[in-house]
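The values are calculated or read from the model by the stated rules, or taken from the named source; none is laboratory data. Keep in mind it's a predicted model, so treat the numbers as computed, not measured. Cβ: placed from backbone, ideal geometry, glycine included. Neighbour counts: every protein chain shown. What goes into the accessible areas is simple: the full protein's heavy atoms, side chains included, and nothing from ligands, DNA or RNA. Shrake-Rupley method; radii C 1.70, N 1.55, O 1.52, S 1.80 Å.
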Amino acid sequence: MSKPFIRKDLGIAVIGSGRIGTLRATMASNHAAVKFLAVADKDPARAKKLADKTGAQFHSSDNLAVISRPEVDAVVVATIEVEHTLPILQALALGKPVLCEKPLALDFAEADKLLAAAKQSGVDLRCGYSRRFKDKYLLAKEQLMNGRLGRITSGMARVFNSRSQAVATLSRLPADTSSISGLVYYIDLMHWLLPDNPPVEVFARANGGSIKGAGFANTNDITYAIVTLADGAVIDLGVCYALPKHYPSLGHAGRVELIGTDGVLIIDDDHTDQMMYSQHSAPHVYLPDHNVEMVFLGSGTPGDWALGEFQGPVATETRNWLDYLSMGRPCLLATGDDARRTIEITLAIERSLQTTAPVRLPLAA
Ligand SMILES: NC(=O)c1ccc[n+]([C@@H]2O[C@H](COP(=O)([O-])OP(=O)(O)OC[C@H]3O[C@@H](n4cnc5c(N)ncnc54)[C@H](O)[C@@H]3O)[C@@H](O)[C@H]2O)c1
């Protein structure tokens, strides 16, 4: 039997017209299936600015007015981390699928409320962990799915970022930790690369006070965690958001390694393969006022602008979600359950740091 040809027009709402909401709305406005776009922000000037930029047909500072527009079929929630819950619940109650920026929630109570609402309404809830959509990691997933490494016995993922990015990220949520704001992407990535092997124990250590000194009391300069999986595989996760302010990477600088019984996979994601030094400086996709002369090109975490188009993980991720909604293509974005599992590891890391002891999983809700 031939595959049915599905092409559904879409109306998309973007709630939160900040940095990432702007990228999502731009991608939506450029997608062939999207015939209606509405944007919201609690700051009406931001909503208007984004509507002007993208040609959105409706904008408001009232989230519900945007979500409940009859033309809107699905909703992106790109508000700051502590403001995700209400617009997600409003969208789910109206039967509209949601793409929420990471993290889905900051604790189990909120996450479970969202998962229950999605289950009760039968509406699809996804979370944007955009590392899944970086070419290097997509290729890694392909090798693992084909069993080319055999059984994975160990792995590591570490991410560096500059203090300037840490301060910008933490300004949204001063109580945040680098595990929640940065390491979450790699926790999700490891879950995605190694499914069906749940974590059973987390042991973490942290050090360094430069970010704390800048007013963010819960963020250590460097955190390492060893996560043991059900079959005994050990995964080393590391995050340092305290490299010097003008470190040439304009976002995550990463390295991921996986060792299996039949092979090894090493992913150099530090971006040192494309360096530029310029007296004219180069724009930072996330920090508009940040000027650096030495740049690792391609290191913007969401992606980078080239020839008027936004290229990279958030672009591919947004397209994948829109293709899924409009054409029924497979959706690679994290599910609500995936997002909850990632929250669990971040909570276990924080608990292990506080108690200085290993933490057994699953954590009680
Ligand atoms: N996937 C990625 O690469 C990536 C990168 C950075 C941030 N993020 C995530 O994206 C989300 C947004 O981050 P950002 O950097 O765009 O933040 P931002 O501060 O640039 O934008 C957030 C916007 O939400 C608005 N807002 C806040 N509360 C609101 C509410 N209740 N209703 C409507 N609007 C509200 C703010 O006015 C602001 O314009 C966060 O969850 C963050 O973790 C994802």
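Anything in the range 1-43 that is in a loop (DSSP other than H, G, I, E, B) and within 10 Å of the ligand (Cβ to nearest atom)? List them, or say none.
Of everything in the range 1-43, those that are in a loop (DSSP other than H, G, I, E, B) and within 10 Å of the ligand (Cβ to nearest atom) turn out to be 16, 17, 18, 41, 42, 43.
Return the total of residues in the range 165-197 being within 13 Å of the ligand (Cβ to nearest atom), β-branched (Val, Ile, Thr) and within 13 Å of residue 223 (Cβ to Cβ).
Result for the range 165-197: 3.
I need the full set of residues from the range 331-365 which are in contact with an Asp or Glu (Cβ under 8 Å, 6 or more places away or on another chain), β-branched (Val, Ile, Thr) and more than 20 Å from residue 130 (Cβ to Cβ), in order please.
Residue satisfying the conditions is 359 alone.
Pairs only if they're at least six apart or on different chains, beta carbon under 9 angstrom, first in the range 44-72 and part of a loop (DSSP other than H, G, I, E, B) and acidic (Asp, Glu), second open to solvent by less than 80 Å² (accessible area, probe 1.4 Å) and within 11 Å of the ligand (Cβ to nearest atom); list them, first residue then second.
What qualifies is 62/40.
What is the residue count in the range 307-354 for residues that are in contact with a strand residue (DSSP E or B) (Cβ under 7 Å, 6 or more places away or on another chain), within 24 Å of residue 12 (Cα to Cα) and aliphatic (A, V, I, L, M)?
Number satisfying all stated conditions: 5.
Here's a check for you: in the range 65-86, which residue that is over 18 Å from the mean Cα position of the chain (by Cα) and near the ligand (Cβ under 10 Å from one of its atoms) is nearest to residue 43 (Cα to Cα)?
If we take residues in the range 65-86 being over 18 Å from the mean Cα position of the chain (by Cα) and near the ligand (Cβ under 10 Å from one of its atoms), then 66 is nearest to residue 43 (Cα to Cα).
Anything in the range 87-103 that is part of a strand (DSSP E or B), within 8 Å of the ligand (Cβ to nearest atom) and more than 20 Å from residue 174 (Cα to Cα)? List them, or say none.
Matches in the range 87-103: 100 only.
Has the range 148-164 got at least one residue that is within 12 Å of the ligand (Cβ to nearest atom), modelled with pLDDT under 95 and either among the charged types (D, E, K, R) or in contact with a Leu (Cβ under 7 Å, 6 or more places away or on another chain) (or both)?
The answer is yes; a qualifying residue exists.
Listed residues 172, 131, 148; which is crowded, with 16+ Cβ neighbours inside 10 Å and in contact (Cβ under 8 Å) with a residue 24 or more places away in the chain?
131
Does residue 272 satisfy the criteria of being surrounded by fewer than 16 Cβ atoms within 10 Å (Cβ to Cβ) and farther than 29 Å from residue 214 by Cα?
So residue 272 does not fit the description; no.
Out of (1) in contact with a strand residue (DSSP E or B) (Cβ under 6 Å, 6 or more places away or on another chain); (2) at pLDDT 95 or above; (3) not assigned by TED's automatic domain parsing to the domain that holds residue 82, what's the single condition that is false for residue 118?
Single failed check for residue 118: (3).
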